[in-house]
Amino acid sequence: MLRFATARVSSYRRKSWPKPSPTLPRSITKSCGPTSTPTSIKTLRHATGSTKDRGLIDTSIAVDSDRIASVGASVEVAISALTLAELAAGPCAAGDDLNRARREDHLRRVEATIETLPFDMQCAHAWSHIYMSVDSAGRKPRGSRAVDLMIAATALAHGLPLFTLNPEDLRGLENLIEIIDVAA
């Protein structure tokens, strides 16, 4: 059962990062133009209950405080443990002490304010559906795309929409998860 740490998320919304811009995420649905509210492709939900006020952000969103704030203004956000792992690697990859310190500070703020969902048995089973869908679309589910797809499996397992800046990386999964493009 999915449990959001409401106190943590609401404190994130109030204190952590600047107010979001008035622009909202747009849909990756090709048949519609930009809309005034976040929209997406119809999804298959495996979890019970409404997820309109909740969402999973992928690493492309989680690396940027302003992007987190813009998504967090409309939904309670969570991240996958895989996203946290990618963020934790960031300070190690920094080229200088200043960037390393900034990335470590960002990592600590994310850890303290955003719920992290584990990649557990449910996610592993959801990964098989993601894997089959990508493979049957003629795309490779392994290699550089694998972590992004495992984050998508986390969204599928928890019945959450996935907010991303890279919807093309998730092409072919629209029948499994709600993919919301947060491009500016």
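The numbers here are math on the coordinates, done by the rules we state, and not lab data. Quantities reported herein were computed from a predicted structural model and do not represent experimental measurements. Glycine also receives a Cβ, built like all others from the backbone with ideal geometry; neighbour counts cover every protein chain displayed.
Backbone phi angles across region 118-127, fed through the Karplus curve with coefficients 6.51, -1.76 and 1.60 (θ = phi - 60°), yield HN-Hα couplings of x, 8, 10, 4, 4, 5, 4, 5, 5, 4 Hz in residue order; Gly and Pro are listed as x. Under 5 Å between amide hydrogens, built in the peptide plane, is the criterion, and for Phe163 it picks out Leu56, Ile57, Asp58, Ile180 among residues at least 5 positions away or on other chains. Annotation for Asp66 and Val147: the two label points, set 7 Å from Cα along the Cα-Cβ direction, are 2.4 nm apart. Of Cys123, Cys92, the sequence from fewest to most neighbouring Cβ atoms within 10 angstrom is Cys92, Cys123.
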